[in-house]
Amino acid sequence: MNRGSAAEVIIAIIPIVGIVMGSVVVFFYLLWNHKRKTLLIKAGQYTRADFDLFAFSLLTGLLLVTVGISLTVFLAIAKGAGYGLLGGIIPLSIGIGLLIYHGIRRHDRKP
């Protein structure tokens with residue numbers, strides 16, 4: 001085996017190891033968080049965390065719109081019109097949808 005092919009094998013293994021390590025971290029986080037919640041429920045000390053969908057839709061929508069616009073502009077300049085442009089159009093359209101949802105909910109929340 002020459003040095004070129006050995007380097008290619010090592011370079012090919014690095015992303016696989018990274019994905020496996022990340023999966024292990026996520027698995028143990030979910031496992032330990034589940035055990036923690038179970039013990040808190042048994043002790044009677046568990047309080048459910050509130051999730052504000054209204055604020056989440058605003059924040060996520062703004063982030064996705066800004067990322068989508070920058071990716072769309074960059075990919076349009078770099079590659080032109082093609083399937084690669086979907087990498088920017090998809091987050092842009094999701095962000096616009098979330099901002100529309102936020103706007104509709106904002107008008108519904110007023111008394």
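Quick note: the coordinates plus some simple rules give every number you see, no bench work behind them. Since this is a predicted model, take the numbers as computed values, not measurements. We place every Cβ from the backbone using ideal geometry, glycine too, and count neighbours over all the protein chains shown.
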| message | Given the -39500 (n - 2.57) contribution per DSSP H run of 4+ residues, what per-residue ellipticity at 222 nm results for the chain, rounded to the nearest 500 deg cm²/dmol? | response | -29500 deg cm²/dmol
| From Cα coordinates alone, what are the radius of gyration and Dmax values for region 53-106 in angstrom? | 12.3, 38
| said: Which chymotrypsin sites (Phe, Trp or Tyr not before Pro) in region 48-111 sit in a loop by DSSP (not H, G, I, E or B) and have at most 16 other Cβ atoms within 10 Å of their own Cβ? | reply: Phe51
| task | Using 0.36 nm per residue of separation minus the Cα-Cα distance, give me the extension gain between Leu59 and His34 in nm, one decimal. | result | 6.3 nm
| query | Direction-averaged shadow area of the convex hull around the Cα atoms of the chain, nm²? | reply | 13.2 nm²
| For region 60-111, what relative contact order do you get, as a whole percent, if you take Cα pairs closer than 8 Å and at least 6 residues apart? | 46 percent
| said: Whole percent per 10 Å bin, from 0 to the bin with the longest distance: what is P(r) over all C-alpha pairs of region 1-48? | reply: 23, 24, 19, 15, 11, 7, 1
